[in-house]
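Each remark here refers to the structure printed beneath this line.
The values are calculated or read from the model by the stated rules, or taken from the named source; none is laboratory data. The structure displayed is predicted, hence computed values, not measured ones. Because the Cβ atoms are built from the backbone with ideal geometry, glycine has one as well, and the counts that use them run over all protein chains shown. The accessibility values were calculated without ligands, DNA or RNA, using every heavy atom of the protein model including side chains. Shrake-Rupley method; radii C 1.70, N 1.55, O 1.52, S 1.80 Å.
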Amino acid sequence: MTTVLGCIADDFTGATDIAGLLARSGVRVSLRIGVPEGPPRDTAAFEVIALKSRTAPVGEALAETRAALRWLQAAGAQRFFWKYCSTFDSTSEGNIGPVAEALMADLGTDQTIYCPAFPENGRSIFMGNLFVGRQPLAESPMKDHPLTPMRDSNLMRLLEPQVTKAVGLADRLTVAQGPKALRAELAALKTQGVAHVVVDAVANSDLDVIAEACRDMPLMTGGSAVAMPLPALYLADGTLSADAPKAEAPTLGRGTIVLSGSCSAMTNKQVADYISRGVPAFQLDPLSLAENGPQKALDWLARQDLDTAPLIYATANPDSVRAAQEKLGVAGAGEIVEATLSACAVAARDAGARRVIVAGGETSGAVTKALGVSQLDIGTEIAPGVPWTYCQSGGQQIALTLKSGNFGTETFFTDAQARLEAA
């Protein structure tokens, strides 16, 4: 099938996030892990390519993203979406801005929008400032993120050092007037040479306005939520066929493993809730792993009944994370944990686990790579932006969910299992 919309995400949980929201349309969504090596085949109306480029060197991120764009163009896509985190995770060097400018250059377009708002998950933008719930971004737990600490809430100030062209704002007052007013504002900003436009949004109705106004842009950028209205718009105007293939859920075994590498505030609560239910749990210590390797965790896993959905986690509070990073380095501490959780994922699959729940963007990337997953079909949604996916791994059909650190409620791990049973 010819691809209608091609999406590129800068991490794996972000990819499942946007794929899950597009899948609300009922139309099949295909998610590719990394840029496919061969030409497009078995394509869906909505194709999403998951990269692991959020914290990669800028040059590497640009090369991977441009390769993804070329593959999506070969699949027939005419419209494209650059997806990054709803908390605008980046540094002063990028990679949000540099990637957007590279995509704009390759597509021959001179303006795009930035809208990481996700009201269902408490992310809103007002007068260019990003809020997490009621807290400005710089006052939220994101200020202590181990890789991309966010110390400014103003998206224009965050974006300006990353790009070479002018940055502007289409504020909530304009968005509230509807698609026609927003299109006029974007056109006016373009005449002033503004290439990068941050767009306010505080409610789902704002996202509808933005999607309607910007649907014909060659490139949109943002969090996943602003892409959510696009399938209905494409169905309404005939861009997307009403009889496009739908997603189907396979029958799977019950063996389950839960792996948590995220140290976000919400994942800490989710781990605590899950442990309080009496499930078997094993906590990883990066310093011990550095000295002794993963064997202790693997031995513990081998003794577990996978029907009880055991948990292996490195989730910890910010002080504990900093202590490990001081001794092992930021990258070193993360890589040790990711390697161990990846080894546990493979061992669990080989022992019969057919349902794998992963928390954390970097962890998700490492686990999917270890499992040899290259393509996923998107299934039922567990929480806003977090779906179950179905894929092949080691010759087995498995269900895999990849959760961004701050997404989901405190009961996410039990909710995920119940939702898959219902599906």
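List of remarks:
- Sequence-separation-based contact order of the chain, relative, with Cα cut under 8 Å and 6+ spacing, percent: 19
- Shape class of region 334-405 from the Cα gyration tensor (axes a ≥ b ≥ c, square roots of the eigenvalues): oblate, since a/c reaches 1.5 or more and a/b does not exceed b/c.
- Antiparallel content of DSSP bridges confined to region 320-423, in %, to 5: 65
- For region 222-267: rounded, prolate or oblate by the Cα gyration tensor [a/c cutoff 1.5]: oblate
- Region 321-347 versus region 221-272: alpha-carbon centroid distance in Å: 27
- Per residue, in Å², the accessible surface of region 254-380 once ligands and nucleic acids are set aside, probe 1.4 Å: 42
- Rounded percent of accessible protein surface that carbon and sulfur make up, region 189-292, 1.4 Å probe: 50
- Cα-centre dipole for region 92-180 with unit charges at Cβ (Lys and Arg positive, Asp and Glu negative), debye to 20: 320
- GNM on the chain, alpha-carbon springs under 10 angstrom: the most fluctuating residue among ARG32, ARG70, ARG355 is ARG70.
- Cα gyration tensor category, rounded, prolate or oblate, for region 168-274 with a/c compared to 1.5: oblate
- When the chain is treated as a GNM with alpha-carbon contacts under 10 Å, the residue of ASP237, ASP285, ASP208 showing the greatest mean-square fluctuation is ASP237.
- A simple charge model with +1 on the Cβ of Lys and Arg, -1 on the Cβ of Asp and Glu and nothing else charged puts the dipole of region 148-193 at about 120 debye relative to its Cα centre.
- Solvent-accessible area per residue in region 101-216 equals 42 Å², computed with a 1.4 angstrom probe and all protein chains kept.
- Residue among THR315, THR368, THR109 with the largest mean-square fluctuation in a Gaussian network model of the chain, springs linking Cα atoms under 10 Å: THR109
- Charge dipole (Cα centre; +1 on Lys/Arg Cβ, -1 on Asp/Glu Cβ; no other charges) of the chain amounts to roughly 280 debye.
- Among the protein heavy atoms of region 322-383, carbon and sulfur supply 50% of the accessible surface, probe 1.4 Å, non-protein parts ignored.
- The helix-only estimate of mean residue ellipticity at 222 nm for the chain, built from DSSP H runs of length n ≥ 4 each weighted as -39500 (n - 2.57), is -11500 deg cm²/dmol after division by the residue total.
- When the Cα positions of LEU72, PRO98, GLN111 are compared along the charge dipole of region 1-117, LEU72 comes out farthest toward the positive end, with charges on each C-beta of Lys, Arg, Asp and Glu.
- Excluding same-chain neighbours fewer than eight residues apart, the lysines reachable from LYS190 by a Cα-Cα span under 22 Å are LYS165, LYS180.
- Among beta bridges that DSSP assigns inside the chain, antiparallel share in %, nearest 5: 35
- Angle between the chain longest axis and helix 318-328 axis [Cα atoms, degrees, rounded to 10]: 80
- The local environment of PRO116, defined by Cβ-Cβ distances under 15 Å, has a net charge of -3 under the rule Lys, Arg +1 and Asp, Glu -1.
- Carbon and sulfur %, accessible surface of region 1-79 computed with the full protein complex present, 1.4 Å: 49
- Residue (of ILE398, VAL198, PRO136) at the positive-pole extreme of the chain, dipole from beta-carbon charges: ILE398
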